[in-house]
Amino acid sequence: MDKFVLRLDKAKKAIDESDYVLIGAGAGLSTAAGIEYTGERFERYFKDFIEKYNFTDMYSSGFYPFKTSEEKWAYWARHVFANRYDVGKTDVYQKLLKLVEDKDYFVLTTNVESQFWINGFEDERIFATQGDYGLLQCEKACHNKLYPNKEQIFEWMDKTEDFKIPSGLVPKCPVCGGEMDLNLRKDSFFVEDEKWHEMNRNYSNFLTGVDGKIVFLEIGVGFNTPGIIRYPFEQMTYDNSDATLIRLNKDYADAIPQNKEKTIGFDENVEDILDYWISRI
């Protein structure tokens, strides 16, 4: 039996014997699910923007200094449409749900595409720390209410001309009259509304209630914001004698030396790993 299969079986055994599973999901999970920000998918959605602005990928293009709000929202309408509203359920997230649905699980994620909700994970078991493509907030956070944007996104898409939305459609804050922004943690103005604090409390309650074997299932978490998932998962694994860290990451699958005996790392294809595990449920 090869080493890959041995690792797969060891990890599946840890999941089976666990009382709790804490999923830590980063951008690599959504990439594995097909929500890629580069390559053919990027070119399919943004061919015209690429030709005009010389964009190379969806991540870096999000930092482009558009000269007008009309241009900015024409781009972001396309971006949010591509990654939030035009995706639907994905096989990888569905397989992950099948793996844990009968467990006492919780999800901590830095992803903002709402895939956990779209694919049927329980609302009270998800904490999306970094925001949601589907929500708008006051750009300067003058108040902490968030606003669904689906209807606006589709209207902006429909009425974009020459890479601009109509000036009258630029979103304005209903409280201060300033501009709106997407609810993404990118500066000190990120709005944490009551739902965010509810998710945070649910996460804290989950951790407080752990009394038994726990698996930290970390998928696609690199070093962009390691202080949210990667480092805490390593620390909690180190602190808990009944913990196992299962790390799926094509570039950074290794364990820290202190957790070497408690970590099972995979740099192989995420969907192949999930397929193997759920075939043995």
Report summary line: The cysteines in the chain that find no other cysteine Cβ closer than 4.7 Å to their own Cβ are none
Query raised in the report: Based on the Cα atoms of region 44-91, what semi-axes does the equivalent ellipsoid have, where each is the square root of 5 times one gyration tensor eigenvalue, given in whole Å with the largest first?
Result: 21, 12, 9
Report summary line: Rg/Rh over Cα atoms for the chain, Kirkwood Rh, comes to 1.00
Requested in this report: Compute the separation of the alpha-carbon centres of region 247-268 and region 1-71 and state it in Å as a whole number.
Outcome: 19 Å
Report task. Compare the peptides 207-214, 25-32 by average per-residue count of other Cβ atoms within 10 angstrom and give them in order, highest first. Result -> 25-32, 207-214
Report summary line: Taking Cα pairs closer than 8 Å and at least 6 residues apart, the relative contact order of the chain in percent is 25 percent
Requested in this report: State the three equivalent ellipsoid semi-axes of region 138-281, derived from the C-alpha gyration tensor as the square roots of 5 times its eigenvalues, in descending order and whole Å.
Outcome: 40, 21, 14
Report task. Hand me the tally of lysine pairs in region 1-143: alpha carbons under 26 angstrom apart, and the pair either on different chains or 8 or more positions apart. Result -> 24
Query raised in the report: What is the spin-label model distance, in nm, from TYR53 to ASN269 if the labels are put 7 Å beyond Cα along the C-beta direction?
Result: 3.3 nm
Query raised in the report: Calculated from DSSP H runs of 4 or more alone, at -39500 (n - 2.57) each and per residue, what is the 222 nm mean residue ellipticity of the chain, nearest 500?
Result: -11500 deg cm²/dmol
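Quick note: the coordinates plus some simple rules give every number you see, no bench work behind them. Note that this is a predicted model, so its numbers are computed, not measured. Every residue, glycine as well, gets a Cβ built from its backbone with ideal geometry; the counts of neighbours run over all protein chains shown.
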